[in-house]
1. Taking region 26-45 on its own, how many of its residues are over 27 Å from PRO98 (Cβ atoms), under 20 Å from the mean Cα position of the chain (by Cα) and of a type outside the set (A, V, I, L, M)?
2. Give the number of residues within region 287-318 that are hydroxyl-bearing (Ser, Thr, Tyr) and more than 21 Å from ASN215 (Cβ to Cβ).
3. Grab the strands (runs of 3 or more DSSP E) fully contained in region 53-126, keeping just those with 2 or more residues being within 19 Å of the chain's Cα centre (by Cα).
4. Being over 16 Å from the mean Cα position of the chain (by Cα) and in a loop (DSSP other than H, G, I, E, B) is the filter here, so list the residues in region 173-226 that pass it.
5. Restricting attention to region 198-206, does a residue exist that is among the hydrophobic types (A, V, I, L, M, F, W, C), farther than 25 Å from ALA21 by Cα and modelled with pLDDT of 95 or more?
6. Report the residue count in region 50-63 for those that are under 23 Å from LEU132 (Cβ atoms) and either in contact with a His (Cβ under 7 Å, 6 or more places away or on another chain) or loosely packed, with under 14 Cβ neighbours inside 10 Å (or both).
7. Within region 134-184, can you find the residues that are surrounded by fewer than 22 Cβ atoms within 10 Å (Cβ to Cβ) and of a type in the set (Gly, Ala, Ser)?
8. Restrict the check to region 129-139 and report whether at least one residue is closer than 26 Å to ALA36 by Cα and under 11 Å from the mean Cα position of the chain (by Cα).
Amino acid sequence: MGCLFVSGCVSQMLTKAIVQAPNRRDVPWLLRPENASVLAHNDQLYRHSWRLPVGPPDAELAVAVIEPGNYRLAHSIKTGERINGRAPVWPQSDWQLPADPLPGLDAPKGTLLILHGYHDCKENMIHWALYLAQHGYRSVLVDLRGHGRSTGDWIGYGAFEVDDLRKVIDDLAARKLISGPIGVVGLSYGASVGLQLAGQDERVGAAVAIEPFSNSRTAVVEFARGVVPQYVGGWTQADFDHAEDQAARRGRFSWEATDILGAVQRTHAPILYAVAAGDRWISPENSKRLADQTHSPHALLTVNFDNPGGIEQHVLLSWILDPIAPAVARWLDGVLLHPGPDLPERMQTYLDTAQ
């Protein structure tokens, strides 16, 4: 009886955590009334923003565009006052409007979908969007279903999101907002969704996957054990399996429809994988596994750094720009804008200074 009781409680908690839309469980930080001025400040960056109906299942996505320009971006990690032996840390981005034009650039070099991580929102990828906009790209930020200012009751780890993003690309084309080749830059959950998109939509010319997971079901377990070990230490694999099965039934999707390894085997798009060597939430082995199965030209960028303030490196790698962002920009310039038969030989040269 005790075992059944624990398994039942665990299953209910896990099922909700796995599949319910994060913004239905908790109001995103930026959408809380006390942060209205911060949100308004971010919104000033967007040349275009709108809501796009998608589905099934029905949802509306919040989409926003940052055009190329020199925004004089300053990005850093701030450290607060140390209290009880710990100091709070957070990323800080500052920019100037209006942006200065980029010399010699008449149109965006390419169009990039910028995809955030789990339980996050597009505004927390603004530093990436601005950095790439300063390098001549049109940055398209998307709140994935159930995140940020998008709607939707359930998330699908790619089972729904790939079709959502294909509709975003269709809509960008209808609005005449696609310039040059299309690329995807994703973080964690968004990276894995982006890889699935690249495997199903030939319009994607290149993908940058920062800290992706290689299997959605195993990622749920790995993430839980890494993020909240104090709560799941006694949970068994059977508990996780049961909760994941329940989650798929409640969300009405199939885990098999989130085949990330199959996607990287199918795609012709070059892929850059970027990982932190000390990531304890989504192991770098995920990217190595994906790279081993990738048939298109690809590279693996591993970042080794000290961990200031004791920040988990899965979080830190999403916060920083240097040293990874310059390599990503060089890689996109060389790979997305200049494909060719010599691409595998050229690819590593864009990354050498960031290793």
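The values are calculated or read from the model by the stated rules, or taken from the named source; none is laboratory data. Keep in mind the model is a prediction, meaning the values are calculated, not measured. All Cβ positions, even for glycine, are placed from backbone atoms using ideal geometry, and neighbour counts span all protein chains on display.
1. We begin by selecting, within region 26-45, every residue over 27 Å from PRO98 (Cβ atoms); these are 26-29, 32-34.
From what is left, the residues that are under 20 Å from the mean Cα position of the chain (by Cα) are 26-29.
Imposing the further condition that a residue be of a type outside the set (A, V, I, L, M) reduces the set to 26, 28-29.
Of the residues in that region, 3 qualify.
2. The first filter runs over region 287-318 and keeps only residues hydroxyl-bearing (Ser, Thr, Tyr), leaving 287, 294, 296, 302, 318.
Of the ones still in play, those that are also more than 21 Å from ASN215 (Cβ to Cβ) are none.
Qualifying residue count for the region: 0.
3. Values: elements: 59-66, 74-79, 89-94, 110-115.
Per the criteria, 59-66, 89-94, 110-115.
4. Answer for region 173-226, where residues must be over 16 Å from the mean Cα position of the chain (by Cα) and in a loop (DSSP other than H, G, I, E, B): ARG175, LYS176, LEU177, ILE178, SER179, GLY180, PRO181, ASP201, GLU202, ARG203.
5. First, pick out the residues of region 198-206 that are among the hydrophobic types (A, V, I, L, M, F, W, C): 198, 204, 206.
Applying the additional criterion that residues be farther than 25 Å from ALA21 by Cα yields 204, 206.
Still in the running and modelled with pLDDT of 95 or more: 204, 206.
Yes, some residue in region 198-206 is among the hydrophobic types (A, V, I, L, M, F, W, C), farther than 25 Å from ALA21 by Cα and modelled with pLDDT of 95 or more.
6. Keep residues of region 50-63 that are under 23 Å from LEU132 (Cβ atoms), which gives 50, 52, 61-63.
Applying the additional criterion that residues be either in contact with a His (Cβ under 7 Å, 6 or more places away or on another chain) or loosely packed, with under 14 Cβ neighbours inside 10 Å (or both) yields 50.
Going through region 50-63 one residue at a time, the tally reaches 1.
7. GLY136, ALA173, ALA174, SER179, GLY180
8. No, every residue in region 129-139 fails to be closer than 26 Å to ALA36 by Cα and under 11 Å from the mean Cα position of the chain (by Cα).
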